[in-house]
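Engineer: One structure is given below, represented as structure tokens, and several questions about it will come after.
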Amino acid sequence: MAESYVALNRKLFACIEGEECGQAVLDILLPNDCALDTEDALWDYKEALPTTHSDPHVSKQDKNVHAYLAGQLVRTIVSFYNAFGGYVVAGVDDKSRAITGFSSPINVDDLRKKIESATGQEIRFVYQRHKRTIAQNVTVGLL
């Protein structure tokens with residue numbers, strides 16, 4: 001029988017209170033290397049996050065995609081901050097819940113500036129990449 005969402009929320013809230021951002025959190029949110037069927041007030045799955053661009057000649061479309069992803073991420077982080085805290089797992093398809101992987105670097109400083117610009121507050125968060133062994137080695141991001 002699958003673990004109840006109440007039990008999952010209790011475990012995740014304990015991780016949030018302990019400021020954990022590692023494999024223990026991913027073991028809860030990706031049990032048996034499968035994403036949970038739903039998202040909740042304490043977790044969100046994203047297929048991708050806004051990545052760092054090394055090419056100075058990025059297309060307008062890529063800039064628009066980056067701005068959209070950054071806006072969505074800022075909104076999610078602020079929502080978690082205003083509630084109980086929470087986790088974003090990058091590398092999970094939002095619709096199918098398939099673990100697709102995400103190993104690209106993100107510009108944490110830029111993200112912090114966007115959050116502070118939007119809220120007028122500094123919100124602490126941590127971003128880490130973790131390898132998961134599914135059918136093949138996949139890296140997911142945890143924020």
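The values are calculated or read from the model by the stated rules, or taken from the named source; none is laboratory data. These numbers were taken from a predicted model, which means no experiment stands behind them. Glycine gets a Cβ as well: all are built from the backbone with ideal geometry, and neighbour counts include every protein chain shown.
Engineer: Give the residue, chosen from LEU26, LEU36, LEU69, LEU49, that is closer than 22 Å to VAL108 by Cβ, touching a strand residue (DSSP E or B) at 6+ places or on another chain (Cβ under 9 Å) and in a loop (DSSP other than H, G, I, E, B).
Structural biologist: That would be LEU49, the only listed residue that is closer than 22 Å to VAL108 by Cβ, touching a strand residue (DSSP E or B) at 6+ places or on another chain (Cβ under 9 Å) and in a loop (DSSP other than H, G, I, E, B).
Engineer: Filter segment 97-116 down to the residues that are of a type in the set (Lys, Arg) and surrounded by 14 or more Cβ atoms within 10 Å (Cβ to Cβ), then identify the one that is nearest to ALA48 (Cα to Cα).
Structural biologist: Out of the qualifying residues, it is ARG97.
Engineer: Quickly run through segment 117-132 and pick out the residues that are exposed (fewer than 13 other Cβ atoms within 10 Å of the Cβ), under 25 Å from GLY18 (Cβ atoms) and over 12 Å from the mean Cα position of the chain (by Cα).
Structural biologist: GLN121, GLU122, ARG124, LYS131
Engineer: Would you check which residues across segment 18-69 are among the acidic types (Asp, Glu), within 13 Å of VAL88 (Cβ to Cβ) and touching a residue at least 40 places away in the same chain (Cβ under 8 Å) and list them?
Structural biologist: ASP44, GLU47
Engineer: Another question about this same structure. For the condition assigned to a helix (DSSP H, G or I), at pLDDT below 90 and not aliphatic (A, V, I, L, M), what is the one hit in ASP94, ASP62?
Structural biologist: One residue alone meets the criteria, ASP62.
Engineer: Within segment 74-90, can you find the residues that are in a helix (DSSP H, G or I), touching a residue at least 40 places away in the same chain (Cβ under 8 Å) and buried (at least 16 other Cβ atoms within 10 Å of the Cβ)?
Structural biologist: Those that are in a helix (DSSP H, G or I), touching a residue at least 40 places away in the same chain (Cβ under 8 Å) and buried (at least 16 other Cβ atoms within 10 Å of the Cβ): VAL74, ILE77, TYR81.
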